[in-house]
Every structure is written in structure tokens, then in C-alpha cells.
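Here is the structure we will look at, set down as C-alpha cells.
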Amino acid sequence: NAGVTQTPKFQVLKTGQSMTLQCAQDMNHNSMYWYRQDPGMGLRLIYYSASEGTTDKGEVPNGYNVSRLNKREFSLRLESAAPSQTSVYFCASTPGPYYGYTFGSGTRLTVV
Amino acid sequence: GIQVEQSPPDLILQEGANSTLRCNFSDSVNNLQWFHQNPWGQLINLFYIPSGTKQNGRLSATTVATERYSLLYISSSQTTDSGVYFCAVEAGNAGNMLTFGGGTRLMVKP
């Protein structure tokens with residue numbers, strides 16, 4: 001049982017490049033989330049998907065897009081990376097309201 | 001939006017000591033969770049506790065929703081307890097948006 005799997009674990013991009021961060025969960029959870037964590041800070045919500053087929057903006061959505069490909073997978077895309085997007089990105093999932101979250105191990109992204 | 005404040009921001013303990021971490025929040029919540037982020041960055045869910053008290057081994061948590069705070073107790077601390085402890089809440093009208101506090105950074109010395 002892998003839980004929440006994120007790929008890649010590390011990535012370096014040049015300003016203006018695009019990339020997609022992948023997230024998959026094998027727990028049959030309905031809700032999935034993307035957070036970013038900047039140094040010395042808590043996590044901030046970028047986008048979430050309450051259920052398959054729906055996505056909504058979180059606190060810091062600018063510069064990102066998401067796709068809930070199916071119940072298992074929720075991807076985060078940076079269309080034109082900027083240095084301000086240098087961060088650690090975490091994916092999480094939960095069965096639904098009133099349950100705890102399970103987090104992936106994170107993707108450390110550096111934009112130069 | 002809802003404000004989440006954690007205290008203390010930093011804590012250094014000798015192995016075997018006990019500690020209490022506090023989380024204050026500014027509005028009513030229907031979801032409150034405690035997480036431990038280990039030194040390698042992995043986030044582990046410790047408790048889902050929007051109200052009441054729960055215990056898991058040396059850790060326990062209490063949330064007093066009417067007074068808008070939660071406490072995490074660590075007893076007989078071990079070096080493996082080191083890391084950052086986050087409280088995260090979802091306000092009653094916030095849908096699926098979990099808001100994190102700034103964390104308490106704990107170092108347990110042998």
C-alpha cells in the first residue's frame with residue numbers, strides 16, 4: 001500500500017519552462033489537494049479537488065493549473081515557471097470531510 | 001480567512017521531558033488536525049481532532065472548540081520526536097480548505 005505517491009522528487013527548471021507534477025493515491029480517496037511549503041513556513045493550499053471531476057482554487061492558485069485525471073490522479077502544472085515558484089510541493093488526499101489527510105513525500109522544485 | 005497561531009515557535013527539550021504545544025484559531029472549525037514533519041520533510045498525520053481528547057501512545061491531543069484552541073501533549077520525549085509540529089484547521093464555512101499554522105519547531109536532545 002503506497003499511499004500518496006508524488007513524482008518527481010526533485011526538479012530544477014529555468015525561468016519560463018513548463019512542467020507537470022504528478023500525484024497518485026491508491027486509497028480510493030475522494031478528495032485531493034496541492035500545497036506548497038516555503039522555507040520556515042506552514043503549507044498553503046494551491047488547488048483542490050473535492051471529488052472526481054471537480055477542481056477549485058485555494059489560497060495561492062496564480063501561475064498554476066490542475067487536472068483531476070481520474071479518482072486516483074491529480075496533477076499540478078506550471079505553464080511558465082518563475083523563481084517565486086521555488087518551493088516544496090505536497091500532494092494530499094482524504095476520504096472526504098471529517099477525515100484526516102494523508103500527504104505524499106513532496107517535490108522539491110527550484111526555478112533558476 | 002481563519003487565523004491559526006501556534007506556540008511556542010521553537011522548543012528545545014532534553015530526552016525524557018514532557019511538553020505542551022498550543023494552537024489557537026480565530027473562528028469555529030469543523031476540522032482540526034495535528035501533523036508532524038520529520039527532519040526529512042515527511043508530513044505525518046498525528047490526530048484528527050475537531051473536538052474532545054484523543055491519545056496515541058506518548059502523544060495526546062485536546063481540542064476545546066468553544067474556546068478556540070487545541071493542545072498537543074508529548075510525554076517522555078525521544079530524539080525521534082524532533083521536527084516541526086503543525087496544527088491545521090478548516091473553518092466552518094471554508095469548504096475543503098485546510099489552513100495551517102506556522103508550526104512549532106521541536107528539538108529533543110539526547
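If you go through segment A:98-112, how many residues are within 11 Å of chain B (Cβ to nearest Cβ) and touching a residue at least 60 places away in the same chain (Cβ under 8 Å)?
Matching residues across segment A:98-112 total 8.
What number goes with the only condition from (1) of a type outside the set (Asp, Glu); (2) crowded, with 17+ Cβ neighbours inside 10 Å; (3) modelled with pLDDT of 95 or more that A:SER31 does not pass?
All conditions pass for A:SER31, except number (3).
In segment A:11-44, how many residues are more than 14 Å from every other protein chain (Cβ to nearest Cβ) and at positive phi?
2
Kindly check whether there is at least one residue in segment A:77-88 that is more than 11 Å from the chain's Cα centre (by Cα), of a type outside the set (S, T, N, Q), within 14 Å of chain B (Cβ to nearest Cβ) and under 24 Å from B:ALA88 (Cα atoms).
No, segment A:77-88 has no match at all.
Inspect segment B:76-83 for any residue being in contact with a helix residue (DSSP H, G or I) (Cβ under 7 Å, 6 or more places away or on another chain), loosely packed, with under 15 Cβ neighbours inside 10 Å, outside any strand (DSSP E or B) and more than 9 Å from chain A (Cβ to nearest Cβ) and give the result as yes or no.
There is no residue in segment B:76-83 that is in contact with a helix residue (DSSP H, G or I) (Cβ under 7 Å, 6 or more places away or on another chain), loosely packed, with under 15 Cβ neighbours inside 10 Å, outside any strand (DSSP E or B) and more than 9 Å from chain A (Cβ to nearest Cβ).
Consider B:THR99 carefully, then state whether it is facing chain A (nearest Cβ under 9 Å) and under 30 Å from A:ASP56 (Cα atoms).
Spelling it out, B:THR99 is indeed facing chain A (nearest Cβ under 9 Å) and under 30 Å from A:ASP56 (Cα atoms).
Are there strands (runs of 3 or more DSSP E) fully within segment B:1-50 with at least 1 residues that are of a type in the set (Ser, Thr, Tyr)? List them.
B:4-7, B:19-25, B:43-48
Restricting the first residue to segment A:45-63 and requiring it to be facing another protein chain (nearest Cβ under 10 Å) and touching a residue at least 24 places away in the same chain (Cβ under 8 Å), which pairs with a second residue that is of a type in the set (A, V, I, L, M, F, W, C) and not in a strand (DSSP E or B) meet a Cβ separation below 7 Å and a spacing of at least six or different chains?
From segment A:45-63, the pairs are A:GLY58/B:MET97.
Looking only at segment B:23-48, how many residues end up being within 27 Å of A:SER87 (Cβ to Cβ), surrounded by 13 or more Cβ atoms within 10 Å (Cβ to Cβ) and either facing another protein chain (nearest Cβ under 9 Å) or under 11 Å from the mean Cα position of the chain (by Cα) (or both)?
Going through segment B:23-48 one residue at a time, the tally reaches 16.
Taking only pairs six or more apart or across chains, which ones have beta-carbon atoms under 9 Å, a first residue in segment B:1-15 that is surrounded by 14 or more Cβ atoms within 10 Å (Cβ to Cβ), and a second residue that is of a type in the set (Gly, Ala, Ser) and assigned to a strand (DSSP E or B)?
B:ILE2/B:ALA91; B:VAL4/B:ALA88; B:LEU11/B:SER19; B:LEU13/B:SER19
The values are calculated or read from the model by the stated rules, or taken from the named source; none is laboratory data. These numbers were taken from a predicted model, which means no experiment stands behind them. No Cβ is skipped: glycine too gets one built from the backbone with ideal geometry, and neighbour counts run over all protein chains shown.
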